[in-house]
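See structure below.
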Amino acid sequence: HLQQSERIVRMFLDEARIAAQIDHKNVVDIYDLGHSDGALYMVMEYLKGESLSRIMGKGIVRKKPIPVDLAAAVVARFCRGLHHAHTLTDARGTPLQIVHRDVSPQNIVILFDGGVKLLDFGVAKARERLSKTTVMDGAKGKYSYMSPEQCQGGDVDGRSDIFAAGIVLWEISARRRLFNNPNKLKALQSLSEARVAPPSRVNPNIPKQLDAITLKALAKKPEDRFQSAEELADA
């Protein structure tokens, strides 16, 4: 039924077009896009694994949360994929200026062989999209993982994804949600203010170095954060 919506179809085509240009071990591969018997389809890599959100949930229920060192490793790996997407250029060397805009545990898959994959570029922002009116502006993505500038509908660049990665890092390490107010307006206000306590206040096993890394990624001003996802991964 969603194929009746031109907006949804454009988003689908845009996702396929953008993601198909990304070739990195930490980003899901897109193999094909087509139209068959009146239905659009996209063929992507089959991922043998579980979403990070599901693993985190199971860990809490079973009282076996993800160890802090593995939490850091997961974030470092998907940030490698983010950096590749952020720095991607076209055949002429012109930056595509891709911003994922929906980095969250639901869009990160942990493979059974230990790999980490980032997926779902459905609301990604790029310099060239098939439809300029699809999702170029405004707040797009899951509001609990937006940067201050994103939830205010401002201009975003790769540093917005870094803020979202910081939220993911805080949540895996602290083992609880960060901006989880059921009132959307209050949650967005909290995101806009970006007042974040060190995750070690919740989980004392977190080393101070990881506290510092997490808080830098979650700085309110983009210029105060890590300036690239690679820089965050290295840290």
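The values are calculated or read from the model by the stated rules, or taken from the named source; none is laboratory data. Nothing here was measured: the structure is a model prediction, and the numbers come from that model. Ideal geometry is used to build each Cβ from the backbone, glycine not excepted, and the neighbour counts take in all protein chains shown. Just so you know, the surface numbers come from the protein's heavy atoms only, side chains and all, with ligands and any DNA or RNA stripped out. Shrake-Rupley method; radii C 1.70, N 1.55, O 1.52, S 1.80 Å.
Only residues that are over 21 Å from residue 85 (Cα atoms) and surrounded by fewer than 16 Cβ atoms within 10 Å (Cβ to Cβ): list them for the stretch 204-235, please.
204, 205, 207, 208, 209, 212, 221, 224
Do we have residue 161 as of a type in the set (Asp, Glu), modelled with pLDDT of 90 or more and open to solvent by 20 Å² or more (accessible area, probe 1.4 Å) here?
Spelling it out, it is not the case that residue 161 is of a type in the set (Asp, Glu), modelled with pLDDT of 90 or more and open to solvent by 20 Å² or more (accessible area, probe 1.4 Å).
Within the stretch 137-151, is even one residue of a type in the set (Asp, Glu), open to solvent by 10 Å² or more (accessible area, probe 1.4 Å), out of contact with any helix residue (DSSP H, G or I) (no Cβ under 6 Å at 6 or more places or on another chain) and at pLDDT below 80?
yes
For every residue, the table says whether it meets (1) at pLDDT 90 or above; (2) open to solvent by 30 Å² or more (accessible area, probe 1.4 Å); (3) at negative phi.
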| position | (1), (2), (3) |
| --- | --- |
| 76 | yes, no, yes |
| 84 | yes, yes, yes |
| 94 | no, yes, yes |
| 105 | yes, no, yes |
| 116 | yes, no, yes |
| 122 | no, no, yes |
| 135 | no, no, yes |
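Can you name the residue in the stretch 213-235 that is of a type in the set (A, V, I, L, M) and outside any helix (DSSP H, G or I) and, of all such residues, is nearest to the chain's Cα centre (by Cα)?
218
Hey, can you tell me all the residues within the stretch 165-197 that are at pLDDT 95 or above and farther than 22 Å from residue 63 by Cα?
Across the stretch 165-197, the qualifying residues are 165, 166.
From (1) touching a helix residue (DSSP H, G or I) at 6+ places or on another chain (Cβ under 6 Å); (2) surrounded by fewer than 19 Cβ atoms within 10 Å (Cβ to Cβ), pick out the condition that doesn't hold for residue 61.
Only one criterion in (1) touching a helix residue (DSSP H, G or I) at 6+ places or on another chain (Cβ under 6 Å); (2) surrounded by fewer than 19 Cβ atoms within 10 Å (Cβ to Cβ) is unmet by residue 61, namely (1).
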